[in-house]
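Scroll down for the structure; my scribbles are underneath it.
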Amino acid sequence: MALKRETKNKQIPIVKRPLTSWVFDGNLKLQILLVAIILLTVAIRVIPLEMQKRIVNEAINLRKLDLLAIYCGIYLASVILASSLKLAINIIQTKISQKVTAQMRQQLYHHILTMPLNFFRNTQPGTVVNSLINELTIPGNFVGMALAVPLTNIVTLLAFFGYLLVLNPILAVISFSIYPAMLYIIPLLQKRVNQNNIQRVNLSRKLSSKIVESIAGIHEVQANGAFAIENNKFDAIVDSLMKIRIKWSINKFIIKVVSNFFINLGPFSIFIVGGYLAIKGQLGLGALVAFLSAQEKLYDPWKELIEFYQVYQDGKINYSKTMNYFDVDIANELIPKDREPYELDVAINVENMSLETAEGIKLLDNINLKINSGEHIALVGFSGSGKSSLALCLAQLYSYTSGHATIGGKEISDLTKADITKNIGLVSQSPFIFDGTIKANLMYSYTALHGEECVMEGDCAPELDGLVHVLQHSGLFVDVLRFGLNTIVEKRAEEFIPVIIKMRENFQKEFGDSIYEWVEFFDEKQFLSYANLADNIIFGAPVSKNFKNKNLVKNKFFRDFLDDSDLTRPLLTLGREIADQTVDILKNITHDKMFFEQTPIELEEFEKFENLVREIKNRNLHQINKEQTIALLELALRFSPGKHRIATIPEFMIKLILEGRYMFREKIKQKDPYAIAFFRSDQYIHSQTISNNILFGIVKTTNPIAQEKINQFIIALLIGEDFLEKMIEIGMDFEVGTKGNNLSGGQRQKLAIARTFLKSPPIMILDEATSALDNKSQTRIQNVLSRQWKGKSTLIAVVHRLDIVKEYDKVVFLKAGKIVEMGSYDELMEKKGYFYELAHEHR
Amino acid sequence: MNSLMNTDNSGDKSEFASNLNIFRQIDFFAGISMDVMKLFAFLCQRQTYKKGDTIFYQDDDDQCCYYIFSGKAKLILKADEKEHFIRDYEAESYLGILSLMTSMNKQFSLIAQEDTTCLVMTREAFSKVVDQFPETPLKIVRTIGNRLLQAERKCILEYESSASDQLKNLMGISLI
């Protein structure tokens, strides 16, 4: 809602603005400055001519050195000035062009975000990307030229025309007589260019869509090995685009050639007529030569005008094609014009509402529904019954096609987006999670409602308590806690090191025995299955950066140590096995983080290892080069046998590693005693997660029951040290990844619910919002809804699990777009109708 | 204990390799390409349960499928506030394939009778693999169809011998 700009054009939607409206809009001062500079430049260009004359006539003829110096000085100064002004003109033009292009992009993007959902179902993202990125460049360039170029060149042309008239009126009229012909012919030729350009824009769109389609459907392409099919489709479009671009360019050149031809006809006509007059003695030879040289000066301004004309035509087409494409009526204004957004009484009334597709299919058919303020309504039915459509109509995401639906007596279709977002919070079935932290996503709806500035500056930022509260209610609390505990805090750890150490002591005192079997403690005599091999060897946190994991293998001291302890060869063998296996399993699939949980190879490195495996395929380990050796050793050192089930290490290697651990310690003490902070129960380990620091060991079970118990122990410890909130704060900084890929489906849903809880809207619409959650989590959320929100917020929930339906005030059963049953749970069960049947099926 | 497990205990084989061995012998996955099988073996997890631990709960959609790798577990139905023992499951049994494909509550509870290790696959992992290999579910559906047919036949046989009218209510499942 931050569409603040200063001029009146902003009230007209961008898609309805003519291209020319951008010329002065917001650029008036720059444009005037530009014209002034141009006029000055034209004037200054006369000075060298004048000086030329004076140097010859006065300085040289009169043999005056001082005059020669002065005139040459003026000549030089005017040339320097003219060049500087030319630079200034270019800078200003670029500035205007870029500013306007940026504004067009921003405003068009702002407009696109508000377009009806329907539009996006039929539009490939590629088209939008292409429009925003490519198609607005030429229109922007045009705006930069729009005033200055025609003005200068027409003025120049007129000035020369006047000058030629004075020289010889007859010849002047003859030499200018070609221009009307050109003014007729060139637009004719331009028509063809325009057609080519329209085709080009269409094809570019098609190409962008094709690219997006193949990327979106890459699973299908690779699964079917349909590379040839997709390549053919793509290549065909590229070929057509190439052909049309060639035609477009050729036709543009034809205009240039024609234009040049006519210009060159100028001297020709002068030769014929002027030559005749000269032979007849009616025109002096000198006058003819002067006329010819003056006429040559017409060439540049005309050429620039033609170029400008072409930019204008191309720009006009790109602009109007783009704007027309997005010129779809936006059903609802963003912000109310002359009032604050409503705070509605949230009773909802639906009368005879229908939603019909363009093909005439009735998704909703004559719906009548009354929902009191604070009431909780469950929408139930088979898939395709219209329950989601009804919910989305009430959220204004779908526009109902007939009938009425009101909130607090106001027709939903008449409300602005701001009215809706102020009063409604929606959680969809597959909520979108944005790249960033948990916290940023949690605050997304809240921030959108209150405004970024207000939240950032702290005036209306939610309290930590409030965040913790919604995390608990949505059930995300434990997940966030786990993210916090699994964080490796390298910097800023100092402030809480004493607390963690204290927790470690308490943990060993209070819980040590009871969870012994689930935790692998840092015991220097034991091999740690759940730590990687590097940690197992070093058995400490690197202080010197030469011993940090990524530098370890490149460190000569460490490599020598591996050789001495006989570990190099087994590690290489292991690294190779891991790389071979991982590449074999994960080849030919689109990569997802989940696939990389059981291998030390990371998603980003897959390609590198794929190549490596290919390169060393038929080679022995002693034949591989230095780089390959480093890559394999590094990989093996990242391997944790307990975590990465893809390979296993033999017993003898475990013995070598344990022996190596001692040997390493001995050697490093002599070489660099401060390089490593060895694991000690009274010290914080900077290379390990907070959780491992508290436990002084690593959790070795994935059993949910055991993990739950460990969580409880840790929560008890955190509460004891008053550190729970701090841990949640750390956990909220967890990066969720693109589309929330680092979260599970359930965590994404919980996050979406939490962000709506935080917004705390008067009306909540949940569209199968808990479908990916386990029963316990669903029940928890339902309890929160029933206890905390009943009477406070009106709730409309599309429900797929019938056991929670009891909690709702009213159950609405939909079938084929119609409400077929409505009443309380008990009423409907008694009625023994559709709902009863569905409820029985679900048992 | 069968030979398969003995090879696993030898220690020089990774968990992945032994999982793969198991998957190859599960009839539900018959006909599925090796690439898919490898991904399944790669993504499933081993869980251990102590005697008395509940592996899954009745009326809960735990979104998981289980293969009992070692140990023994009993299937329990809670009804009329009583626990009814249904049957025991021993090593090499698997339960819950349908949970991989759609959200559904487990209709029974499974409780470890002795220390038990299961191979567990989640619906999320399964769908990520299926996303890459869309033809996979179809092959699994064939086996499901066969299972339904077998159950129906069993029911019909029972009916033929007992002519109990109550069985009629159960009949027709193969016609879904």
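Just so it is clear, none of the values below were taken in a lab; they were calculated from the coordinates. Computed from a predicted model, the values in this text were never measured in an experiment. Methodologically, a virtual Cβ is constructed for each residue, glycine included, from the backbone with ideal geometry; neighbour enumeration extends over all protein chains shown.
Tabulated values for the structure
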{"quantity": "Total formal charge among the other residues, if their Cβ is under 10 angstrom from that of residue A:114, Lys/Arg +1 and Asp/Glu -1", "calculated": "0"}
{"quantity": "Coordinate range along principal axes, alpha carbons of region B:3-134, Å, largest first", "calculated": "46, 36, 20"}
{"quantity": "Most positive-pole-ward Cα, A:117, A:150, A:85, against dipole of region A:67-198 from beta carbon charges", "calculated": "A:117"}
{"quantity": "Ranked list, fewest to most other Cβ atoms within 10 Å of each Cβ, for A:521, A:527", "calculated": "A:521, A:527"}
{"quantity": "Principal semi-axes in Å for region A:523-678 [√(5λ), Cα gyration tensor, largest first]", "calculated": "27, 17, 15"}
{"quantity": "Selection from A:429, A:308, A:73 lying farthest towards where the dipole of chain A points positive, charges on Cβ", "calculated": "A:73"}
{"quantity": "Listed residue (A:727, A:515, A:404) projecting farthest to the positive dipole end of the protein assembly as shown, Cβ model", "calculated": "A:404"}
{"quantity": "Axial C-alpha extent at least 18 Å, average Kyte-Doolittle at least -0.5 - helices from chain A (DSSP)", "calculated": "A:28-54, A:65-113, A:148-167, A:178-216, A:227-279, A:497-510, A:568-586, A:651-671, A:704-720, A:745-759"}
{"quantity": "About the Cα centre, charge dipole magnitude for the protein assembly as shown (Lys/Arg +1, Asp/Glu -1 at Cβ), debye", "calculated": "4340 debye"}
{"quantity": "Hits among lysines - C-alpha to C-alpha of residue A:831 under 22 Å, sequence gap 8 or more where chains match", "calculated": "A:370, A:387, A:806, A:810, A:815, A:818"}
{"quantity": "Ranked list, fewest to most other Cβ atoms within 10 Å of each Cβ, for B:147, A:661", "calculated": "B:147, A:661"}
{"quantity": "Residues A:165, A:363, A:85, sorted so that the one with the fewest Cβ neighbours within 10 Å comes first", "calculated": "A:165, A:85, A:363"}
{"quantity": "Cα shape, chain A, gyration tensor, a/c 1.5 rule", "calculated": "oblate"}
{"quantity": "Average projection area in nm² (convex hull over Cα atoms of region A:723-843, one quarter of hull surface)", "calculated": "9.6 nm²"}
{"quantity": "Antiparallel bridge percentage (DSSP; both residues within the protein assembly as shown; nearest 5)", "calculated": "75 percent"}
{"quantity": "Selection of trypsin sites (Lys or Arg not before Pro), region A:315-413, meeting DSSP coil and at most 13 other Cβ within 10 Å", "calculated": "A:337, A:339"}
{"quantity": "Share of Cα-Cα pairs in region A:63-157 lying beyond 16 Å, as whole percent", "calculated": "71 percent"}
{"quantity": "Relative pair counts by distance (%), Cα atoms of region A:279-393, 10 Å bins", "calculated": "9, 17, 17, 13, 9, 8, 7, 6, 6, 5, 1"}
{"quantity": "Cut-off under 5 Å, modelled amide H: who pairs with residue A:355 long-range", "calculated": "A:363, A:364, A:365, A:366, A:401"}
{"quantity": "Magnitude of the charge dipole, region B:135-176, Cβ model with Lys/Arg +1 and Asp/Glu -1, debye to 20", "calculated": "200 debye"}
{"quantity": "Reference-scaled alpha-carbon Rg (2.2 N^0.38 Å with N residues) for region A:641-737", "calculated": "1.41"}
{"quantity": "Other-chain or far-sequence residues with amide H under 5 Å of residue A:764's (modelled H)", "calculated": "A:425, A:794, A:795, A:796"}
{"quantity": "Nearest-20 debye value, region A:523-678 charge dipole, Cβ charges on Lys, Arg, Asp, Glu", "calculated": "380 debye"}
{"quantity": "Dimensionless Rg over Rh [region A:8-326; C-alpha; Kirkwood]", "calculated": "1.11"}
{"quantity": "Relative compactness, region B:135-176, computed as alpha-carbon Rg over 2.2 N^0.38 Å", "calculated": "1.39"}
{"quantity": "All lysines inside 30 Å of residue A:671 as judged from Cα atoms, apart from same-chain residues fewer than 8 positions distant", "calculated": "A:491, A:525, A:545, A:548, A:550, A:554, A:556, A:626, A:655"}
{"quantity": "Under 28 Å from the Cα of residue B:154 - lysines, other chains or at least 8 residues apart", "calculated": "B:72, B:74, B:78, B:82, B:106, B:139, B:168"}
